[in-house]
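The values are calculated or read from the model by the stated rules, or taken from the named source; none is laboratory data. Small disclaimer: the values here were computed from a predicted structure and weren't measured. Here Cβ is always computed from backbone atoms with ideal geometry, including for glycine, and neighbour counts include all displayed protein chains. Please note that ligands, DNA and RNA were not included when accessible areas were found on the heavy atoms of the full protein model with its side chains. Shrake-Rupley method; radii C 1.70, N 1.55, O 1.52, S 1.80 Å.
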Amino acid sequence: TTWSGSAYEEVSVNGNNAMLFTNFDFLGIVSDYANPTDLTGMTHVHFDYWTPNAASLGLKLVNTNLDPVQEDLETVGNVSLGQWVSVDIPLADFNLDLSAVTQLIFDNLIANDADDTVYIDNFYFYN
């Protein structure tokens, strides 16, 4: 998004497509404001990450269709450096209405810190 300061690039890692975030503080992904994503039939969100230097990492889900806007951020816990790590977060951990999600925001959880590099792969929701 234009409101996230991190750089985003689609890259190939050993022949596999992945997302690369550089100068990473947070990076927003807008699904579709006019047609929000209904995640009520899903139970988990999955992604893999690799980072050489991030101290923390989280994912925020946002429902902008409600007033006030609902959002909740969950962390991956302890971050492992220099190796691919699989993350599965139960959607029940997110305290918001999941019927109309419009934004997905990866966050390094450290205010005014945009020095991190993070690769994200295999990002999906499942039941």
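Tabulated results
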| read-out | value |
| --- | --- |
| GNM result for the chain, Cα springs below 10 Å: residue of 92, 111, 54 fluctuating most strongly | 111 |
| Stretchable slack from residue 122 to residue 72, in nm (0.36 nm times residue separation minus alpha-carbon distance) | 15.9 nm |
| Added length on full extension, which subtracts the Cα-Cα distance from 0.36 nm per residue, residue 48 to residue 3 | 13.8 nm |
| Per residue accessible area of the chain, 1.4 Å probe, in Å² | 52 Å² |
| Residue-wise HN-Hα coupling along segment 72-87, computed from phi with Karplus coefficients 6.51, -1.76, 1.60 (Hz; x: Gly, Pro) | 8, 10, 10, 9, 8, x, 5, 8, 9, 9, x, 8, 6, 10, 8, 10 |
| Candidates 65, 53, 14, ranked by Gaussian network fluctuation over the chain, Cα under 10 Å, top entry | 14 |
| Segment 58-114: Cα Rg divided by the 2.2 N^0.38 Å rule of thumb | 1.27 |
| Inter-probe distance in nm under a simple model that places probes 7 Å from Cα toward Cβ, at residue 17 and residue 111 | 3.7 nm |
